[in-house]
1. Quick check on segment 2-28: of everything there that is touching a residue at least 60 places away in the same chain (Cβ under 8 Å) and of a type in the set (Ser, Thr, Tyr), which residue is nearest to Tyr197 (Cα to Cα)?
2. Given the residues Ile57, Ile66, which is the only one that is among the aliphatic types (A, V, I, L, M), surrounded by fewer than 15 Cβ atoms within 10 Å (Cβ to Cβ) and farther than 24 Å from Asp210 by Cα?
3. Which helices (runs of 4 or more DSSP H) does segment 55-155 wholly contain that include 2 or more residues that are without any contact (Cβ under 8 Å) to a residue 24 or more places away in the chain and among the β-branched types (Val, Ile, Thr)?
4. How many residues are in contact with a Lys or Arg (Cβ under 8 Å, 6 or more places away or on another chain) and within 22 Å of Phe277 (Cα to Cα) if we restrict to segment 39-81?
5. Please state which one of Phe49, Phe40 is surrounded by 15 or more Cβ atoms within 10 Å (Cβ to Cβ) and under 20 Å from Lys75 (Cβ atoms).
6. Check Leu51 against each of (1) modelled with pLDDT of 90 or more; (2) in contact with a Phe, Trp or Tyr (Cβ under 9 Å, 6 or more places away or on another chain); (3) of a type outside the set (S, T, N, Q) and name the one condition it does not meet.
7. Is one or more of the residues making up segment 184-192 farther than 23 Å from Ile129 by Cα, surrounded by 17 or more Cβ atoms within 10 Å (Cβ to Cβ), at pLDDT below 90 and not β-branched (Val, Ile, Thr)?
8. Among the residues of segment 261-276, are any surrounded by 13 or more Cβ atoms within 10 Å (Cβ to Cβ), assigned to a helix (DSSP H, G or I) and β-branched (Val, Ile, Thr)?
Amino acid sequence: METKADFYFRIEKETLERSLISLKQYQVTNQCLRGRNWLFICPLFFQGFELTYIHKICTEPGPHPITINQIIFNKFFDLGWTGSFIEGYCNRCVYIMPFLSSIENSLISTFQRDYEAGIKTLIPIVEGILRQYLCVEKGMTMEKIGFKHLKNAIVLLKNDLVQKYKVGLTMRIYENNLQVTFSAVQSAELLTLETAYYEQWFAFLTDFVDNSFYLNTSQSPITNEINRHAILHEYGLNFSYSLENYIKVYFVLQFLTWIFLQKEGKSPLNEIDNNRFLEKVNAYQKIIQSAEEIAYQKHILLKNYTGYDELLFKEKFNVKGLNTPSAAKKTYDLFKKANELIWRSDKAK
């Protein structure tokens, strides 16, 4: 007869096995795109059905990176989704919370098609998050942290998640406060599956960190990789400040957010306040509209400079606003207008 421990062991094992199968789709997708200078690593960005669709594209003939880039761009410019990322996810992570304003500024720059500012703002944020973690949890001091420590922080984070899962196996609590204790054999099997799950996920990130983001520029030649050292120290390479390259770094931030939500035992679901959600989406829409209005003036300022790509600057994206019910929209518009009047009045005093 199946005991409660046997039942929940079977359920958890089947869930982990399904997750590993799903990760194989990510692996195929990464292998497809890796040679085209695109790395597909973010676990928060896509839902299961979206991954299945992208996996299908990669198994068929065609210009895969172009098609997949457009899918990614479309989701990035779904302002209802992107508008909730910082305060629905990042805001709940202890080590990411101090950087919310800077993350927001990187998004604002990107919505204005200033990809260089967006990338150069976001790269130090990733480094700052890892430094905070190493200082607080691993006892390091800021001045002692080098590139090798930042690269190794990814390994340490993976080990933290595996250890957290291992400790949790000693006593599992399910619905109705039901406590379940697995046998040593069951615990070992679940831990093996969970470890394999994290090993595969982190392999994507480690590949990007080791071979691009923190590639040792004194030992390895670089061309147009997302390389922190080359970008921030202006190596003068033919690097493209584009939306595609911004999102590569943005995916690293989202990956870290996913890690810390799990590490801190917090829900992976969006928890942004409804009014704040509407407020942010509206603000992003206004920023994008204003960017369109001043695009030509920016073109005039930039057109004679090396590295300026007029076609990239003119690129159009499928921006999706928020379909709000008319009654809610009317209430929100009144609320927004009142807040703006108060803000402007206070500013004038």
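The values are calculated or read from the model by the stated rules, or taken from the named source; none is laboratory data. Just so it is clear, the model here is predicted, and its values are computed rather than measured. Heads up, the Cβs are rebuilt from the backbone with ideal geometry, glycines too, and the neighbour counts pull from every protein chain shown.
1. Across segment 2-28, the extreme among qualifying residues is Ser19.
2. One residue alone meets the criteria, Ile66.
3. In segment 55-155, the matching helices (runs of 4 or more DSSP H) lie at 64-76.
4. Residues flagged as in contact with a Lys or Arg (Cβ under 8 Å, 6 or more places away or on another chain) and within 22 Å of Phe277 (Cα to Cα) within segment 39-81 amount to 8.
5. Checking each option against the conditions leaves just Phe40.
6. Just one mismatch for Leu51, condition (1).
7. no
8. No, segment 261-276 has no match at all.
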